[in-house]
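Reading through the structure tokens given below for one structure.
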Amino acid sequence: MSNAVTALNGAKYSGLIDIADAGLMGMITLRGDLASAAMAKVVKSITGAKMPKPRGVETAGKGSVAWMSPDELLIMVDYPAADAAEAKITDALSGQHHLAVNVSDARAVFDLTGDHLRDVLAKGSPTNLNPDALPIGEVRRTRLGQLAVAFWFTDESAAKLVCFRSVGDHVFKWLANAAQNGSSPNFHSDMR
Amino acid sequence: MLILTCPNCGIAADETELHADGQAHITRHGAGASDDDLETYLFMRNNPKGVHFERWRHVYGCGKWFHAARCTMTLEVFGTYPAQTLEPPKELVAKIKKKRPDWEGFVK
Ligand SMILES: [Zn+2]
């Protein structure tokens, strides 16, 4: 058995915000009919969470599930549980048009914390980062610089960010540069 | 700057999060079509100064296609609507007509 290593390999940066490798996370991309009862049932049994509303992220005891598009979810569980979860989905949805893939090793995941979080993200993304437009528990797929990312706030000064593994190092450096002390536009942080 | 609301995910997406794919509702002539029809399909496009219907893809977001109606001169956005249609919704056409009485209407 090979030793799984994250793309960021434990990288950390501390500036306007704290940027940290979120460590190994089990992730399954699930595409199919989100309105189907069988899908809601298997998502619930894997994560404990209910089917999210459009753009929503639901978290429960065993994991989280994020709404990625009208026919796509990102299911997040403990890293060692991902293969079994994928198999469970494939089994539960057999005969139903769907696609389930374990993408755990194809992504890089960041933990971002700090009061200037919305200001730092706004430097690279056209997203409206006002808390009314992007409240806690809502995922936003967008770009950071020129790279596709998704992020969501888990509380007012904490967020998770996911990108493709191959650009993980670039996104880390991009964020670290944007988070240099003294470089905050103090737009969102002043409104808090 | 152009901001279009993706009807698939509800996000008001910046132009830089989208991919433009030109004129909407063109008729796809394929194998067996006349040379003229094929030429029209491949090369002939409207280039209006004013109301235009276009295909866009929310490429940095949900990844889905949709349609948008906008003014090519002022960048005013009249509305967006799902991709699964052969022509713009009647309400949208009526809304544009009200704003731009001189507009000739939707022509395929
Ligand atoms: Zn969208």
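Nothing in this text is a laboratory measurement; each read-out follows from the coordinates by a stated rule. Given the structure is predicted, the values throughout are model-derived calculations rather than measurements. Here the Cβ is made from the backbone with ideal geometry for all residues, glycine too, and neighbour counts use every protein chain on show.
Brief remarks on what is shown
- FRET efficiency estimate (nearest 0.05) - Cβ-Cβ, residue A:35 to residue B:36, R0 35 angstrom: 0.20
- The lysine pair count for chain A, using Cα distances under 21 Å and pairs eight or more places apart or on different chains, is 20.
- Mean projection area, nm², convex hull over Cα of chain B: 7.4
- Nitroxide proxy distance, nm - points 7 Å out along Cα→Cβ at residue A:106 and residue A:22: 1.7
- Among the chymotrypsin sites (Phe, Trp or Tyr not before Pro) in chain B, those located in a DSSP loop and surrounded by at most 15 other Cβ atoms within 10 Å of their own Cβ are B:103.
- Computing FRET efficiency as 1/(1 + (r/R0)^6) for residue A:183 and residue A:146, where r is the C-beta to C-beta distance and R0 is 22 Å, gives about 0.65.
- Centroid-to-centroid separation of the stretch A:83-144 and the stretch A:148-187 [C-alpha atoms, Å]: 13
- Expressed as a fraction of 2.2 N^0.38 Å, the value expected for a compact globular protein of N residues, the C-alpha radius of gyration of the stretch A:35-192 is 1.11.
- Entry note, chain A: relative contact order of 25 percent, from Cα contacts under 8 Å with a spacing of 6+ residues.
- Residues of the stretch A:80-94 with amide N under 19 Å of a point placed 7 Å along Cα→Cβ from residue A:45: A:81-94
- Residue-wise HN-Hα couplings along the stretch B:39-56, as the Karplus relation 6.51 cos²θ - 1.76 cosθ + 1.60 with θ = phi - 60° gives them from phi, are 4, 4, 4, 6, 10, 8, 10, 5, 9, x, 9, x, 5, 9, 10, 9, 9, 9 Hz; Gly and Pro carry x.
- Over chain A: helical MRE at 222 nm, DSSP H runs n ≥ 4 each giving -39500 (n - 2.57), nearest 500: -6000 deg cm²/dmol
- Under the convention that each Lys and Arg Cβ holds +1 and each Asp and Glu Cβ holds -1, the size of the dipole of the stretch B:3-99 around its Cα centre is about 460 debye.
- The stretch B:3-99 - percent relative contact order, Cα under 8 Å, separation 6 or more: 26
- Partner lysines whose Cα lies under 28 Å from the Cα of residue B:108, excluding those fewer than 8 positions away in the same chain, are identified as B:49, B:64, B:90, B:95, B:97, B:98, B:99.
- Here residue B:104 and residue A:84 are evaluated by their C-beta separation; at R0 = 51 Å the FRET efficiency comes out at 0.25.
- For the stretch B:52-75 and the stretch A:17-39, distance of Cα centres in Å: 28
- Taking the Cα atoms of the protein assembly as shown, the ratio Rg/Rh between the radius of gyration and the Kirkwood radius comes to 1.03.
- The trypsin sites (Lys or Arg not before Pro) found in the stretch B:1-73 that occupy coil by DSSP, while having at most 12 further C-beta atoms within 10 Å, are B:28, B:45, B:49.
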